[in-house]
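A.B. asks: I have a structure I would like to understand better, so I am pasting it below and will then ask my questions one at a time.
The values are calculated or read from the model by the stated rules, or taken from the named source; none is laboratory data. Source: prediction; values computed, not measured. Glycine gets a Cβ as well: all are built from the backbone with ideal geometry, and neighbour counts include every protein chain shown. Side chains included, ligands, DNA and RNA excluded: accessible areas come from the protein's heavy atoms. Shrake-Rupley method; radii C 1.70, N 1.55, O 1.52, S 1.80 Å.
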Amino acid sequence: MIKTYTYKIKPSEKVEQKFNHLVGICRFVYNISKEVKEESYRRGLRLSCFDIQKQLTDAKKEHTFLKDVHSQTLQAVIDRLDNSFKKFFKGAGYPKWASKKKWKSIPFKSIKTTHNAFKLPSFGVVKVFKFKEPKGDLKTATIIKEADGLYLKIVVDEYNSKVKNRDSQSVVALDMGIKFFAVTSDGEYLENPKHLFKNLSKLRIENRKLSRMKKGGSNWKKQVIVVQRLYLKVKRCRLDFLQKQSTLLSNNYENVIVEDLNIKGMSKNKRLSKHILDCGWGTFFSLLEYKTNVIKVNPRYSSQECSKCGHTCKENRKTQSLFECVNCGYTENADHQATFNLLQRGQSLMEANVVH
Ligand SMILES: [Zn+2]
């Protein structure tokens, strides 16, 4: 369960100054990133968050004050910009400049508690009224300037406080497939279990036999039971496999990004269907949702988009397994490459839910 705690920050000149300094840098970063993005659009390029972050690292050498802000905060600012552009492409208004009036918050991707206060990266100790330690995993925080002072909002995952020792920032994206059950953005290839496939092909054979028998006859009746038992076996095998995979992933990752697949629509497609496999994905996602945070993202063009330069076209995908960008030459396993796009999309979504 995700919960937000809001605290009023005890006013002090030091905190006020710090806030004004850092929020100014956030605005600066937002605005120069916006400029860079617009310039690249004019030249027909599409810069990803990743590219802008890289440019920002270079900019730190020139504008040393950027070092005053934690890099994760800068990332969150860039993701926020990315989101405004995404919303714009979906029909919302054009992203505005970050003005003093509009931009009044600083996002943080991590936070710690002391015995009576909070500690934010590159900001330091923040004392609040009515301090009460939040229960659960502290995920993200935001300092917001309201009309009557500064507030600290902390997003906490209550459920995950009980679970394992996974890092609250850990995140992985999965590309679901048939050859491999899934490929992760950390480069793991989860095999589809062979015993499941053995049973599946057996099931196909027994089903074919059944279809040739005279319906209602004694042989047919026996065969129905054979097929039913095999279905049950396949079902149990698969569930066992899905339980194990989802547990493994949730032990290691706080956030799992998956494709928002239209499973119903896909099973209408004869080539993809194999109802059985689709069914497995749906169950898998449900199991995962029960064990960890699942973020579903639009998988559109994720296999054709280059995660390095953003160039998107069919020709990028040379074969089923090879991705080679025709624009920048980046080469990677096609499924693994797709997970980087899903990861980026998911992380933007995660930010959008937190940044105010
Ligand atoms: Zn490329």
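A.B. asks: Report, by residue number, each residue of segment 207-246 that is among the hydroxyl-bearing types (Ser, Thr, Tyr) and surrounded by 14 or more Cβ atoms within 10 Å (Cβ to Cβ).
C.D. replies: Scanning segment 207-246 gives 231, 246.
A.B. asks: How many residues does segment 13-48 hold that are open to solvent by 50 Å² or more (accessible area, probe 1.4 Å) and either outside any helix (DSSP H, G or I) or modelled with pLDDT of 90 or more (or both)?
C.D. replies: Final tally of qualifying residues: 12.
Condition check ((1) closer than 27 Å to residue 258 by Cβ; (2) part of a loop (DSSP other than H, G, I, E, B)) across all residues:
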{"position": "183", "(1), (2)": "yes, no"}
{"position": "187", "(1), (2)": "yes, yes"}
{"position": "196", "(1), (2)": "yes, no"}
{"position": "226", "(1), (2)": "no, no"}
{"position": "230", "(1), (2)": "no, no"}
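A.B. asks: Moving on. Would it be correct to say that residue 343 is within 16 Å of residue 260 (Cα to Cα) and either at pLDDT 95 or above or in contact with a helix residue (DSSP H, G or I) (Cβ under 6 Å, 6 or more places away or on another chain) (or both)?
C.D. replies: Answer is yes for this residue.
A.B. asks: Turning to a different aspect of this structure: Can you name the residue in segment 33-58 that is under 26 Å from residue 111 (Cα atoms) and aliphatic (A, V, I, L, M) and, of all such residues, is farthest from the chain's Cα centre (by Cα)?
C.D. replies: Residue satisfying both the conditions and the ranking: 56.
A.B. asks: Still on this structure: Evaluate the following for residue 349: is it over 24 Å from residue 180 (Cα atoms) and modelled with pLDDT under 95?
C.D. replies: Spelling it out, residue 349 is indeed over 24 Å from residue 180 (Cα atoms) and modelled with pLDDT under 95.
A.B. asks: Given the conditions (1) free of Cβ contacts under 8 Å to residues at least 60 places away in the same chain; (2) in a helix (DSSP H, G or I), which single one is not true for residue 216?
C.D. replies: Only one criterion is unmet by residue 216, namely (2).
A.B. asks: Right, next: Could you look through segment 58-67, keep only residues that are assigned to a helix (DSSP H, G or I) and open to solvent by less than 80 Å² (accessible area, probe 1.4 Å), and pick out the one that is nearest to residue 141 (Cα to Cα)?
C.D. replies: 66
A.B. asks: Hey, another quick one. Collect the residues in segment 325-355 that are open to solvent by 20 Å² or more (accessible area, probe 1.4 Å), within 13 Å of the chain's Cα centre (by Cα) and either hydrophobic (A, V, I, L, M, F, W, C) or within 16 Å of the ligand (Cβ to nearest atom) (or both), keeping them in residue-number order.
C.D. replies: If the condition is that a residue be open to solvent by 20 Å² or more (accessible area, probe 1.4 Å), within 13 Å of the chain's Cα centre (by Cα) and either hydrophobic (A, V, I, L, M, F, W, C) or within 16 Å of the ligand (Cβ to nearest atom) (or both), then 340, 343, 344, 349, 350, 352 are the ones that fit.
A.B. asks: Another question about this same structure. Looking at (1) under 28 Å from residue 310 (Cβ atoms); (2) aliphatic (A, V, I, L, M); (3) open to solvent by 70 Å² or more (accessible area, probe 1.4 Å), can you tell me which one residue 2 breaks?
C.D. replies: (1)
A.B. asks: Looking only at segment 289-312, how many residues end up being away from the ligand (no atom under 14 Å from the Cβ), open to solvent by 50 Å² or more (accessible area, probe 1.4 Å) and closer than 12 Å to residue 345 by Cβ?
C.D. replies: 3
A.B. asks: Taking residue 135, is it in contact (Cβ under 8 Å) with a residue 12 or more places away in the chain, under 22 Å from residue 13 (Cα atoms) and charged (D, E, K, R)?
C.D. replies: No; evaluated as a whole, the condition is false for this residue.
A.B. asks: Let me ask another. In this structure, does residue 340 turn out to be outside any loop (DSSP other than H, G, I, E, B) and either under 30 Å from residue 137 (Cβ atoms) or without any contact (Cβ under 8 Å) to a residue 12 or more places away in the chain (or both)?
C.D. replies: So residue 340 passes the test.
A.B. asks: Continuing with the same structure: Does residue 98 satisfy being in contact (Cβ under 8 Å) with a residue 40 or more places away in the chain and under 23 Å from the mean Cα position of the chain (by Cα)?
C.D. replies: no
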